[in-house]
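J.: Shown below is the structure under consideration.
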Amino acid sequence: MEAGICLRCGKPYEPEDTVCYSCGAPIGETKTPTQPIRSMRAPTVAASQPETVPPLPAESKSRPLRASVAVARQGTTRNGKKHIWLALGITILVLVVAGGGFYVVRGLTAPPPVTSQTTYQDPQHRFTFRQPTLWTAVTTATGVHLSDSDGSSTVALAVQESNTPETATSYADAQAAQLGLTPAPLQQISGLLWEQRTGRVADSADGAVHQVVLFVTVHDALPYSITLTCPIASYMQINAIVYQPLLASFRFEN
């Protein structure tokens, strides 16, 4: 066999070669092109599969879910608002009831308010003091008489016009003997020391027992007396809100 060129790859080969050492094609097949031809495979029939419905896009799937979530959230929001308004209403109701109860209890337990006062001036300009506005003041021949709304508590302030000089002690003893009072510590009023006499006296009209306190002093040679009369049951209260403020405000004008 002669040397030649491989018709498949175009490489030269030797006379003794039986195959092309470049592409491996047989040397004898030199008369026709020996380029490799791709083998045709018979098509295989794929196993029949059930027809499936193409999946919905992710957005299409999420729309019903989003709608459901939105509806659920809307319902939850409405229920939450209802619960908030209900809780707010209950809280307001509790506060109103508690506030009303507080004022009721306060009204039942609080002490009577201190009555407002006005200034009383003696027509003869001998003295002044602050009197409760709810008390009635009646000017008398010797001074003034004050009383509360039902007349059970009173204040009598008198100035005795006497030609016979008296000491505060002698005048106080004489008045105390008539009322059945006993001595008590001296009291300072308007810069002077006043004799004090106290005791419990039964009212001749209704038999009720009253606490009576008498203060006596001498100013410009004239005896001044202040007599406080009050039912025993309310004396402490009236003394605190009426008698003591009145005595503290008493002033001589001459």
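The values are calculated or read from the model by the stated rules, or taken from the named source; none is laboratory data. Note that the coordinates shown come from a computational prediction; the quantities given were computed from them, not determined experimentally. With ideal geometry, Cβ positions are generated from the backbone for all residues, glycine too; neighbour counts draw on all protein chains shown.
J.: If we scan the stretch 196-208, do we find a residue that is in the same structural domain as Ser153 (by TED's automatic domain parsing) and within 16 Å of Val159 (Cβ to Cβ)?
T.: The answer is no, given that none of the residues of the stretch 196-208 is in the same structural domain as Ser153 (by TED's automatic domain parsing) and within 16 Å of Val159 (Cβ to Cβ).
J.: Going through the stretch 130-159 one residue at a time, which ones are under 20 Å from Ser190 (Cβ atoms), small (Gly, Ala, Ser) and touching a residue at least 60 places away in the same chain (Cβ under 8 Å)?
T.: Ala156, Ala158
J.: Among the residues of the stretch 181-202, are any hydroxyl-bearing (Ser, Thr, Tyr), farther than 16 Å from Phe129 by Cα and at pLDDT below 95?
T.: Checked the stretch 181-202: no residue is hydroxyl-bearing (Ser, Thr, Tyr), farther than 16 Å from Phe129 by Cα and at pLDDT below 95.
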